Amino acid sequence: MKQPRGAKRAERRISHHGRRIRHARLMKGYTLRQLAEIVDCSESMVSKLENSRLSPSLAMLHRLAEALDTTVPDLLIVGPQDDGADPVTVFPAERFVERPAQDGEENRLVWFDRVLPFDKQGLLQVNLLHLAPGAEQPRFLQHEGEEFIFVLDGTLDVIVKDHSYPVAAGGGIFFSSMLDHRYANTGTEVVRALWVNTPPTM
């Protein structure tokens, strides 16, 4: 049976909302039951909302937004990819091979090459960090989310709270962004690292 005009688009939007609700819940650290109690509904209803089996009412969206410290518009954001095919981006190997410094980068100690730039509609951000010998992030950072760093070249010192973790090329580190963190290059070669944040932060 042929779907009515707009039905497929509506399905995509519901799916998009479910993904955002689930992500916001996980960011708050709530279980399905805890969120259900806060918004005064059943655990199964929250599960159906997150798995795109139920479309939230406007009243429910307001309760969810308040409980998850977000806004209704943020839960309703629909990117261009949600009206068409699933977005797929393939990066060639050359994208992550060391390249010569670009204009304005030669004398910089730290720079980020935006692989997946900040996008309020997205849930993920990926940067390629370049850190010169002796360079560091001097102050601690703290924000909501999670981070994963994979070191491509050199050794990156990642300081989380009061402990320093040296991560050599080929290694990685994962931590909650809610923990005080900063980074430094105490070695003699440039550090390159793939830095993944969720949600996007900068």
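The values are calculated or read from the model by the stated rules, or taken from the named source; none is laboratory data. Keep in mind it's a predicted model, so treat the numbers as computed, not measured. So basically every Cβ, Gly included, is an ideal-geometry build from the backbone, and we count neighbours across all protein chains shown.
With respect to the stated conditions, residue 160 is surrounded by 15 or more Cβ atoms within 10 Å (Cβ to Cβ) and without any contact (Cβ under 8 Å) to a residue 24 or more places away in the chain.
Applying the criterion of being of a type in the set (Gly, Ala, Ser) and at pLDDT below 95 to the residues of region 155-182, the residue that is farthest from residue 70 (Cα to Cα) is 176. Considering (1) in contact with a strand residue (DSSP E or B) (Cβ under 7 Å, 6 or more places away or on another chain); (2) surrounded by 14 or more Cβ atoms within 10 Å (Cβ to Cβ), the lone condition that residue 199 does not fulfil carries the number (1). Inspect all residues belonging to region 27-44 and state whether any of them is under 27 Å from residue 115 (Cβ atoms), outside the structural domain of residue 123 (by TED's automatic domain parsing) and modelled with pLDDT under 80. Yes, that holds for at least one residue.
Within region 55-85, how many residues are assigned to a loop (DSSP other than H, G, I, E, B) and modelled with pLDDT of 80 or more? Qualifying residue count, region 55-85: 7.
Search region 65-77 for residues that are within 14 Å of residue 49 (Cα to Cα) and pair each with any residue that is in a helix (DSSP H, G or I) and among the β-branched types (Val, Ile, Thr) when their beta-carbon atoms are under 8 Å apart and the residues are at least 6 apart or on different chains. As it stands, the answer is 65/72; 75/21, since those pairs meet every condition given.
Report, by residue number, each residue of region 124-141 that is surrounded by 14 or more Cβ atoms within 10 Å (Cβ to Cβ) and within 24 Å of residue 24 (Cα to Cα). Residues satisfying the conditions are 125, 126, 127, 141.
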